[in-house]
Amino acid sequence: MGESLPVIEVTWMRFVVHVAFVFLYYRGALAGVLNTVSWSMQIIRGVCSALSGLCFIYGMTFVPIAETTAIAFISPFLIMGMAALFLKDRVGIRRWIAALIGLIGVVLIVQPGTAAFQWAASFPALAALFASTMIILTRLLSDDGPMRTMFFTGIVGTVILSVMTLFVWVTPTFYELLLALGMGISAAFGNLSQITAYGRTKPAILAPFSYIQIVWAALFGMTVFGTWPSYMTYLGSAIIAGSGIYSALRERDESRAG
């Protein structure tokens, strides 16, 4: 869709379907939805969601999907740092070293200072920053429950993107509307799963499970777009995933010891 429609409009369509999903799925349980733990945190989470979606989709229109996804996987390390700062989670020196190694993997993929570097690679990194902030806020808002958090995220993101879309509107085709429906439903179910999980346990434990996305991104990139990841992408992805899995294992061991 990013090849024929403005990125802002694509992201807006995703949020519109997201909101429709919330209303349809929870149509009988929206009473009291505005009684949130924190309006300000819910609004900030919605803004971060919109910005994360914009940055990721924009980056994907220039950078192959596997590379975009791999770069975005600095998110677990950002989550770890934010969890230590805002949630007071204990992070040992070994996990900080693992985070540093993971960042080396990102550098191998992006290859700054070489002919292979693309300025658009900064967008999935920004998407990771906004997504990490969302995760921390999800944990802080865990008492609100998944439905209320999804509601606020969808409404705030839709309002922001609706205003922006007015300036770039291109009428989509019927086929593009079908793609938008599929994208929005997938995003809604993914968001529901993520909010539910992060509301129940520590972000540092769950974050590394998202590395399976690298596999799916590579497969979709090859089968749908005909783009094959470079050797550096394979190497960098393996380093990122390995360091993330190590961090998760350390977190598990520290939790058991505690």
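Residues in segment 1-11 include none that are crowded, with 21+ Cβ neighbours inside 10 Å, under 22 Å from L140 (Cβ atoms) and not aromatic (F, W, Y).
Of the listed requirements (1) surrounded by 15 or more Cβ atoms within 10 Å (Cβ to Cβ); (2) at pLDDT below 90, I97 misses just one: (1).
Contact map, segment 81-94: residues that are in contact (Cβ under 8 Å) with a residue 60 or more places away in the chain and surrounded by fewer than 18 Cβ atoms within 10 Å (Cβ to Cβ) paired with residues that are in a helix (DSSP H, G or I) and among the hydrophobic types (A, V, I, L, M, F, W, C), Cβ distance under 7 Å, separation 6+ or inter-chain. Pairs shown: L87/I136.
Applying the set (1) surrounded by fewer than 18 Cβ atoms within 10 Å (Cβ to Cβ); (2) not in a helix (DSSP H, G or I) to V63 leaves exactly one unmet item: (1). Screening segment 146-191 for residues that are among the hydroxyl-bearing types (S, T, Y) and buried (at least 17 other Cβ atoms within 10 Å of the Cβ) and picking the one that is farthest from L78 (Cα to Cα) gives T165.
For segment 126-145, a residue qualifies if it is among the small types (G, A, S) and surrounded by fewer than 23 Cβ atoms within 10 Å (Cβ to Cβ), and the qualifying residues are S142, G145. The number of residues in segment 196-231 being at pLDDT 80 or above and within 20 Å of P76 (Cβ to Cβ) comes to 2. For segment 233-248, filtered to residues that are surrounded by 18 or more Cβ atoms within 10 Å (Cβ to Cβ) and not small (G, A, S), the residue that is modelled with the highest pLDDT is I239.
Quick one: would you say M232 is touching a residue at least 12 places away in the same chain (Cβ under 8 Å), within 20 Å of E3 (Cα to Cα) and either touching a Gly at 6+ places or on another chain (Cβ under 8 Å) or not β-branched (V, I, T) (or both)?
No: the conditions fail for M232.
The values are calculated or read from the model by the stated rules, or taken from the named source; none is laboratory data. The shown structure was predicted, so the numbers you read here are calculated from the model rather than taken from an experiment. We place every Cβ from the backbone using ideal geometry, glycine too, and count neighbours over all the protein chains shown.
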